[in-house]
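Here is the structure we will look at, set down as structure tokens.
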Amino acid sequence: MNAQIVKSQQFKSQTDTLIIGAENFPKEILLSEQEQKYLTEQLKKKVDTIIFNRYTHKIIVSDLQYSKIKNTAEAARIAGASAVKLLSDNNNELQIVDSKDAKSSLFAAEGAVLASYKFLEYYKNPDKKASKLKTISIVSKTISDAEIQEQNNLNEAVFFARDIAQSPYAKLNAVKFGKLISETGKSAGFKVENLTKKQIEALQMGGLLGVNQGSDTPPVFSIMTWKPENAVNKKPLIFIGKGVMFDTGGVYTKAYPHMNDMKLDKSGAAAVSGLMLALAKNKIPVHAVALVAATDNAVDAKSYVPGDVLRMHNGMFVEVLHTDAEGRLTLADALSYADKYKPELVFDIATLTGAAAAAIGTEGCVVMGTADDKHFTILEQSGNEVYERTVRFPQWDEYDKMLESNIADLKNIGGTEAGAITAGKFLSHFTTAPWIHIDIAGPAILKSTDAYRTVGGNGFGTRLLYKFVKNYIEKKSK
Ligand code: BES
Ligand code: MG
Ligand code: ZN
């Protein structure tokens with residue numbers, strides 16, 4: 001179980017404590033004259049983190065105004081993540097104090113919990129590897145129990161997404177993924193339907209089937225539905241996650257070390273699964289559907305090969321000229337399937353192109369599409385709030401010629417340039433709904449831990465989409 005945030009009525013004097021803002025120093029803590037002097041000096045120097053080691057516990061003062069990060073919520077999350085590293089031996093609780101009218105302690109708690117995540121499946125003694133942090137107690141009069149519960153549920157959802165992303169292929173292929181979300185849906189209260197290979201064939205999802213040809217495991221098309229009676233939208237929001245359980249590249253096989261992270265090619269599926277868990281647990285009044293066309297991209301005598309032409313779910317034909325451009329083939333079928341819902345808005349989220357990662361690195365994700373500017377704006381604001389930031393790329397008509405095939409409607413690769421954009425352009429042919437494409441190839445995969453964003457698959461996208469939904473609802477009900 002992930003560390004839980006709780007509200008505390010009373011300041012505890014023997015517990016590791018993070019104080020947000022020196023002006024909020026609790027009267028219960030007595031500083032010696034020397035300590036007081038030290039604190040004043042450090043603050044004068046604009047030091048953002050000041051630590052008093054009291055042997056049984058530490059007192060950490062974080063002054064967010066001196067943080068390098070100008071976004072206060074994010075500075076608080078990072079302060080929370082740093083405090084987890086400083087936890088005293090044998091301590092499993094972090095107490096957070098801030099001013100009466102501030103919410104920073106909740107952001108700091110979020111950072112602390114997310115930083116305490118560890119994927120523990122593969123240690124002989126997992127207890128030794130696990131974070132000691134069990135409880136974060138917030139001393140605050142303004143943060144409600146409901147807000148804390150919501151944050152706990154969201155944290156759990158991010159952990160769920162991280163676990164999905166991190167699981168090795170042997171542990172989580174398409175069929176096992178379908179089972180996992182079925183179970184999760186049952187306990188959290190969202191509906192899950194898993195279409196079998198027979199049903200996928202009947203739907204003529206040639207993209208998903210083409211990619212799956214080389215695999216030992218059948219494809220699974222998962223449909224997760226959250227539709228509470230008080231939903232603010234009649235037409236659903238749809239969230240499609242790229243679920244390539246492992247991407248070898250196909251017969252154009254990826255070379256070392258580029259294949260090593262490719263269990264993380266299901267990070268989009270992880271993000272939307274986490275989103276559905278958070279929506280259901282927090283009973284968010286939205287009609288939302290998540291779709292995952294799950295398969296691996298394997299090498300085998302039966303694998304699809306360059307020159308093959310696939311008949312897609314929407315009736316278009318695609319010439320395969322690169323077996324490693326598989327994600328767009330699976331997403332295309334999910335996008336055209338989504339049309340039948342007449343959705344208000346469709347998202348797809350995918351570790352789609354190395355080009356997106358090359359363009360902006362791990363600091364944010366690349367977005368593009370045909371949705372209203374107002375929806376892109378809500379997404380951008382949401383991204384700034386949760387610090388999973390977005391940058392919009394163009395979808396100019398001129399790029400379309402890069403996808404022209406000599407023998408079919410489209411080919412599955414563009415040219416050597418603008419790879420993230422042509423991948424998006426390819427997808428645009430498979431949806432008639434207002435649509436936003438999110439390429440998370442950069443931020444979904446971290447080589448090392450960055451504060452509360454943990455190494456490997458870090459669940460990028462769950463918090464972004466959850467915040468989008470919340471802001472969308474708020475705008476709608478105004
Ligand atoms: N899953 C990869 C994209 C990727 C690369 C994600 C690195 C995360 C890190 C995708 O299936 C892929 O292989 N894309 C190719 C497309 C190309 C063949 C047009 C790429 O980006 O090189
Ligand atoms: Mg690939
Ligand atoms: Zn891929």
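Some values worked out for this structure:
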read-out	value
Mean Cβ neighbour count within 10 Å, used as a protection proxy, ranking 30-42, 141-153, 430-442 highest first	430-442, 141-153, 30-42
Cα-Cα P(r), segment 1-111, percent of pairs per 10 Å interval	14, 50, 32, 3, 0
Alpha-carbon centroids, segment 187-214 and segment 127-154: separation in whole Å	37
Assigned charges on the beta-carbon of Lys, Arg, Asp, Glu; segment 153-477 dipole about Cα centre (debye)	1120
Mean separation of Cα contacts under 8 Å, 6 or more apart, over the residue count of segment 153-477: relative contact order %	22
In Hz, Karplus ³J(HN,Hα) per residue of segment 308-325 (6.51, -1.76, 1.60; θ = phi - 60°; x = Gly, Pro)	4, 10, 10, 8, 7, 4, 8, x, 6, 10, 10, 8, 7, 10, 8, 6, 8, 8
Heavy-atom accessible surface of the chain: percent carbon and sulfur, 1.4 Å	51
J(HN,Hα) series, segment 386-403, from Karplus relation 6.51 cos²θ - 1.76 cosθ + 1.60, nearest Hz, glycine and proline x	8, 6, 10, 7, 10, 10, 8, 9, x, 10, 5, 3, 4, 5, 4, 5, 5, 9
Protection-proxy order for peptides 54-64, 235-245, each taking the mean of Cβ atoms within 10 Å per residue, highest first	235-245, 54-64
Amide proton proximity set for ILE138, modelled H, under 5 Å, gap of 5+	VAL6, LYS7, SER8, ILE96
Residue-normalised accessible area of segment 40-133, given per residue in Å² at a 1.4 Å probe	53
Anisotropy class of segment 424-478 from Cα gyration tensor, a/c 1.5 cut	oblate
GluC sites (Glu not before Pro) lying in DSSP loop within segment 301-396, provided at most 15 other Cβ fall within 10 Å	GLU363
Folded to 0 to 90 degrees: helix 174-188 orientation relative to the chain principal axis, Cα	50
Cα-based helix-to-principal-axis angle, 267-281 vs the chain, degrees rounded to 10	60
Convex hull projection area averaged over all views, segment 277-368, Cα basis, nm²	8.5
Mean-position separation - Cα centroids, segment 279-331 and segment 17-80, in angstrom	50
Among 107-116, 129-138, the order from most to least packed when residues are scored by Cβ within 10 Å on average	107-116, 129-138
Amide H contacts of TRP435 (H built 1.01 Å from N, under 5 Å, at least 5 apart or other chain)	VAL346, THR370, ALA371
Built amide H within the under 5 Å cut-off of THR449, gap 5+	VAL455
Cα gyration tensor shape for segment 153-477, rounded if a/c is under 1.5, else prolate or oblate	rounded
Listed pairs LYS263/LYS425; LYS340/LYS467; LYS235/LYS411; LYS263/LYS470; LYS7/LYS27 exceeding 21 Å between Cα atoms	LYS263/LYS425; LYS340/LYS467; LYS235/LYS411; LYS263/LYS470
Distance (nanometres) between label positions extended 7 Å along Cα→Cβ at LYS132 and LYS283	3.8
Trypsin sites (Lys or Arg not before Pro) restricted to DSSP loop in segment 283-313 with at most 13 other C-beta within 10 Å	LYS283, LYS302
Vicinal HN-Hα couplings computed from phi for segment 208-221 (Karplus, 6.51 cos²θ - 1.76 cosθ + 1.60; Hz; Gly/Pro x)	4, 5, x, 5, 6, 3, x, 8, 7, 10, x, x, 9, 10
Cα-based shape type of segment 218-262, given that a ≥ b ≥ c are square roots of the gyration tensor eigenvalues and the cut on a/c is 1.5	prolate
Per DSSP, loop GluC sites (Glu not before Pro) in segment 404-478 with at most 14 further Cβ within 10 Å	GLU404, GLU417
Å² of accessible area per residue within segment 153-477, as computed with a 1.4 Å probe and no ligands counted	37
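The values are calculated or read from the model by the stated rules, or taken from the named source; none is laboratory data. Owing to the predicted nature of the structure, the values given are computational and were not obtained by experimental measurement. Ideal geometry is used to build each Cβ from the backbone, glycine not excepted, and the neighbour counts take in all protein chains shown. Accessible surface areas use protein heavy atoms only, side chains included; no ligands, DNA or RNA. Shrake-Rupley method; radii C 1.70, N 1.55, O 1.52, S 1.80 Å.
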